[in-house]
1. Take the chain, connect every pair of alpha-carbon atoms lying under 10 Å apart with a spring to form a Gaussian network, then pick out the residue of Ala101, Ala78, Ala35 with the largest mean-square fluctuation.
2. Quick one: plug the Kirkwood hydrodynamic radius of the stretch 28-97 (C-alpha pairs) into Stokes-Einstein at 10 °C, 1.306 mPa s, and report D in µm²/s.
3. Within 10 Å of each residue's Cβ, count the other Cβ atoms and sort Tyr81, Tyr171 from fewest upward.
4. Which entries in Lys70/Lys115; Lys46/Lys89; Lys79/Lys115; Lys43/Lys97 show an alpha-carbon gap greater than 28 Å?
5. Highest GNM mean-square fluctuation, the chain, Cα pairs closer than 10 Å: which of Leu32, Leu179, Leu138?
6. How far apart, in nanometres, would the label points at Ile111 and Asp82 be if each is projected 7 angstrom from Cα along the Cα-to-Cβ direction?
Amino acid sequence: MALSSLLEKSAVSKKPAAKKSSSPSIEVSNDLKVAIDAFNKAKVEKKNAEAAMEINGSKVIAHVREVQDKDGFSGKYAKSYDVAGVNSKVKFVSADKFSIASDDEHLIADILADKFSEFIKTKFSVTLKPSVLESEELSKELENLMGAKFNEFFDVVKSLSPCDDFDAKVYSAVDADHLSDLRNFVKQNKPSLR
């Protein structure tokens with residue numbers, strides 16, 4: 001008997017390791033169980049619909065992009081097109097928003113040649129290194145160098161972010177009455193259902 005046959009006869013399906021969840025399980029009412037099952041069914045249907053939209057949408061976009069390019073080169077560029085199907089239609093809409101990696105500047109310059117500066121604008125954003133703010137010595141040095149003219153050279157944007165494990169630690173910081181008030185200002189992302 002050949003080795004491959006022996007292997008085939010001896011093979012057993014590998015069973016996935018049991019997943020250990022650190023989340024506690026809770027008991028719920030039958031109504032909620034029905035809602036959970038309906039949610040999971042809808043989630044599968046949504047994924048299937050999104051996959052179908054992606055596949056078919058890609059076909060439509062590829063075709064309309066060719067038409068848009070042809071129209072653009074002939075001086076009849078349009079940002080949007082109505083595209084009819086058998087029983088329905090979609091609207092193709094392109095936006096004048098682009099992302100460009102600065103590392104590709106030379107490649108883009110090669111393509112655009114003498115029109116590069118007309119079509120591509122270079123913007124600089126200056127960010128103060130965190131080490132300067134963390135060091136009293138460096139902060140003083142910057143203050144001495146810039147003085148009152150600091151605001152003439154820098155735009156300062158202030159943002160706040162919660163500490164690590166804020167979601168768990170918050171309960172030790174406020175009581176139940178103040179928690180809802182705090183949530184009006186420190187907004188947690190919506191929990192997901194999977």
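1. Fluctuation is largest for Ala101.
2. On the way: Rh = 15.1 Å.
Taking Rh from Cα pairs, D becomes 105 µm²/s.
3. Values: Tyr81 17, Tyr171 10.
Neighbour counts put them in this order, fewest first: Tyr171, Tyr81.
4. Working: Lys70/Lys115 21 Å; Lys46/Lys89 21 Å; Lys79/Lys115 22 Å; Lys43/Lys97 31 Å.
Over 28 Å apart, Cα to Cα: Lys43/Lys97.
5. Leu138
6. The two pseudo-label positions are separated by 3.3 nm.
None of the figures in this text is laboratory data; all of them are computed from the coordinates on show. Since the model is a prediction, treat every value here as computed from it, not as a measurement. Because the Cβ atoms are built from the backbone with ideal geometry, glycine has one as well, and the counts that use them run over all protein chains shown.
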